[in-house]
Amino acid sequence: MRARFLLLANLAVLAALVAISAIVAAAAPVAHVFAAKPVQPDVDVELVLAVDVSYSMDPDEQKLQREGYVAALTSNEFLDALKEGTHGRIAVTYVEWAGSADQTILMPWRLIDGPASAAAVAEELGRAPYRRAFRTSISGGLNFSAPLFDTSPYRGLRRVIDVSGDGANNEGSPVTIVRDEVLARGITINGLPIMLKRAIPGTMDLPNLDVYYEDCVIGGTGSFVVPIRELSQFKEATRHKLVLEVAGRTPQARPMPASAEAPRISCMIGEQMWRGRWGGYPDFN
């Protein structure tokens, strides 16, 4: 009798295990379906503002650069463009870059979905400290910025890196190699070249920095360059660029149409100028 009881008990346990296995097996495909479901975009654009803080950017330029973004984020034009988007909101982060190993996230990803959040982001940027650092590595800034989209808590219809600076790449990987790697990830690169200094022999300043940005830095769907040639243009140009990026548009008349084939300028000109000026000595740009 005892043996028969134990046999029946074991059979009951086995039946229960089989039933549980069947339930798990039936649920597994459902779990797989949910896991494979693509993430739906919830913002119109994920935007990395990557700004130059190398020593070639003097304090006045740095201040104007920062103030340009602060003013743009709270402008009526920006807020109107925000409302017209599919989702009516964007995600933005602010990165400072200089040399190939010198990049900092000044402001992590923030959501802007109206006047209140736009004002909060502008205030956060406005009170952040300023800094300057050695060398100019646009490629380093791009290398640092591209993976930030993987850390974003939002998913955008578009992903854009906006690079602003006053010089050509003179350290790190060739900028075109990194640019092409970034574009291959479906990221658009726009440019805001700052051209306030008069280029004279022996300096690192380029008289046609906008052409360099067009041919060597920007790329991707709808990419564009908005050059700044006068101090008075800072805020207007920054606002105009930001509105275009939020609205997903390009300037009606591109200031300098990008070359489709060979560059109009050497994309290694920054490295060549650095070697010609400093040789083996440190650069302060």
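Of note:
- Checking R132 against (1) touching a residue at least 12 places away in the same chain (Cβ under 8 Å); (2) closer than 21 Å to A184 by Cα, the condition it does not meet: (2)
- Residues considered: G270, G276. Of these, the only one that is exposed (fewer than 13 other Cβ atoms within 10 Å of the Cβ), modelled with pLDDT under 90, out of contact with any His (no Cβ under 8 Å at 6 or more places or on another chain) and not in a loop (DSSP other than H, G, I, E, B) is G276.
- Pair list, Cβ under 8 Å, 6 or more apart: the stretch 48-61 residue under 17 Å from E230 (Cα atoms), other residue of a type in the set (F, W, Y): S56/F284; P59/Y130
- Residue check for G191: under 13 Å from the mean Cα position of the chain (by Cα) and not in a loop (DSSP other than H, G, I, E, B): yes
- Count of residues meeting criterion [farther than 11 Å from D113 by Cβ, modelled with pLDDT of 95 or more and in a loop (DSSP other than H, G, I, E, B)] in the stretch 75-98: 2
- Under the condition of being crowded, with 24+ Cβ neighbours inside 10 Å and assigned to a loop (DSSP other than H, G, I, E, B), the residues counted in the stretch 167-184 number 4.
- The stretch 84-110 - residue that is of a type in the set (S, T, Y) and surrounded by 15 or more Cβ atoms within 10 Å (Cβ to Cβ) and, of those, farthest from the chain's Cα centre (by Cα): S100
- Looking across L206, L242, L231, one residue alone is touching a residue at least 24 places away in the same chain (Cβ under 8 Å), within 27 Å of D60 (Cα to Cα) and surrounded by fewer than 17 Cβ atoms within 10 Å (Cβ to Cβ). It is L231.
- For the stretch 42-66, taking the residues that are of a type in the set (G, A, S) and part of a strand (DSSP E or B), the one that is modelled with the lowest pLDDT is identified as S54.
- In this structure, I228 qualifies as over 15 Å from the mean Cα position of the chain (by Cα) and modelled with pLDDT of 90 or more.
- Residue within the stretch 147-168 that is more than 21 Å from G68 (Cα to Cα) and without any contact (Cβ under 8 Å) to a residue 40 or more places away in the chain present: yes
The values are calculated or read from the model by the stated rules, or taken from the named source; none is laboratory data. Because the structure is predicted, anything quoted here is derived from the model rather than measured. When we count neighbours, we look across all protein chains shown, and the Cβ atoms used for this are built from the backbone with ideal geometry, even at glycine.
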